[in-house]
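Here's the structure, in structure tokens; my notes come after.
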Amino acid sequence: MTETKADNIPDPELDRAQVWLVMSPAKDHQNDQLVCSDLPDEGRMVVKIEVIPLIPENKGKSATSGESAILKRLQHDHIVRCIDSGECENSDYQDDSGYLIKVQQYFLKMEYVGDNLRTWLNNKGTSPGKLVSILADFSCQCFGALAYLQECGIVHCDIKPENLLVAESPDGKAIIKIADFGFAYDAGKEGFKVCKNGEGAAISGSAQFAAPETKPKHGKEQTQTHKSDIYSFGLTIASILCNYAVIDAGYMRIPDGTDRELTLKKKDIPMVQELVLLIEKTLSWEPESRVTASEAAEEAKELLVAAEAAGAGGR
Ligand SMILES: Nc1ncnc2c1ncn2[C@@H]1O[C@H](COP(=O)(O)OP(=O)(O)OP(=O)(O)O)[C@@H](O)[C@H]1O
Ligand SMILES: [Mg+2]
């Protein structure tokens, strides 16, 4: 993510949402730019900006406006906080060929959380043992957030390491938050997404972490529900455990209609068996037999309590 000053946000490219880490402008500088009034006290925030040409085909096309509408309704310790959002018409936007075109600008201001999970772990350089206790703690936090999303009727559709952000509190505790609701939808209002043969409602998110029921199959309906988010989260944790050689690469096995069994390579790490068993429950092939977010949150909590009692530590 590129850092920029609040009074100097670069013009975004057309048709693609761009994310900037925005720092406060100098105190004596008058900030009159639409997207950057109202900086939070911390002096920095993240601004997502999308610029879309104002033509009839683009009506309702803005992912950022959908993301803002959903994020504004959500309030949870483990979901990124929306500060403000809006849109404005800007008639003198210059495209690549130098033409002035009429565009609509959408913006979403969020709290700055910290590095995404992949970057955070790379910088942390933790041991496999420490990693397992961190991931058990993060699982507990995220399953709680996923249970909350289910209560609110929201399906995220793009859970992956780059969309989970980590903040460190002053006492050193790592806090994880779910971000990037650009593909999310309101199943409470719209009903669950269903499409056939890859046509109809777009099944979204990243193919690498997608649940089997979301992938196009000829003659079969695809669905994307809360259970698909559970699967994507489980696969996120499995991919990290695999990177650290705690489990084998079985988590990537070509889908064959069976539940995933993860093979443990490092059996003597505290909590590892329990964590891997819990993650396997998120990776059931059939969404109906997958663990729910609230069951998983409960199990992860028990796992942490048991680890603390045994002196393994939950963080
Ligand atoms: N609130 C935030 N605090 C800190 N970093 C953030 C925040 N929001 C986004 N980022 C960083 O910016 C990256 C891209 O943001 P986001 O995933 O919301 O946008 P995107 O346009 O969907 O990007 P992509 O297509 O790469 O997923 C994230 O992976 C994260 O590293
Ligand atoms: Mg993203």
Within region 154-175, of all residues that are part of a loop (DSSP other than H, G, I, E, B) and more than 16 Å from the chain's Cα centre (by Cα), the one nearest to residue 66 (Cα to Cα) is 169
Looking across region 135-158 at residues that are aliphatic (A, V, I, L, M) and crowded, with 21+ Cβ neighbours inside 10 Å, the single one that is farthest from ligand 2 (Cβ to nearest atom) is 136
Scanning region 159-184 residue by residue, those more than 16 Å from ligand 2 (Cβ to nearest atom) and at pLDDT below 95 turn out to be 168, 169, 170, 171, 172, 173
### Message
Please verify whether residue 169 is of a type in the set (Ser, Thr, Tyr), buried (at least 16 other Cβ atoms within 10 Å of the Cβ) and over 20 Å from residue 62 (Cβ atoms), treating the condition exactly as stated.
### Response
no
Taking region 158-190 and keeping only residues that are more than 9 Å from ligand 1 (Cβ to nearest atom) and farther than 22 Å from residue 120 by Cα, one is left with 184, 185, 186, 187, 188, 189, 190
Across region 253-264, the tally of residues that are among the hydrophobic types (A, V, I, L, M, F, W, C) and at pLDDT 85 or above stands at 2
Region 1-108: strands (runs of 3 or more DSSP E) wholly inside it with 2 or more residues that are on the phi < 0 side of the Ramachandran plot, modelled with pLDDT of 80 or more and out of contact with any Pro (no Cβ under 6 Å at 6 or more places or on another chain) are 44-53, 82-94
- Filter pass, residue 185 being more than 24 Å from residue 137 (Cβ to Cβ) and surrounded by 20 or more Cβ atoms within 10 Å (Cβ to Cβ): yes
Going through region 107-146 in order, the residues found to be basic (Lys, Arg) and over 18 Å from the mean Cα position of the chain (by Cα) are 124, 130
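So that you can scan it fast, the table gives a plain yes or no per residue for (1) out of contact with any Pro (no Cβ under 9 Å at 6 or more places or on another chain); (2) surrounded by 16 or more Cβ atoms within 10 Å (Cβ to Cβ):
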residue: 240; (1), (2): no, yes
residue: 254; (1), (2): yes, no
residue: 270; (1), (2): yes, yes
residue: 273; (1), (2): yes, no
residue: 284; (1), (2): yes, yes
residue: 291; (1), (2): yes, yes
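The values are calculated or read from the model by the stated rules, or taken from the named source; none is laboratory data. Just so we're clear, the structure is a prediction, and the values are computed from it rather than from any experiment. All Cβ positions, even for glycine, are placed from backbone atoms using ideal geometry, and neighbour counts span all protein chains on display.
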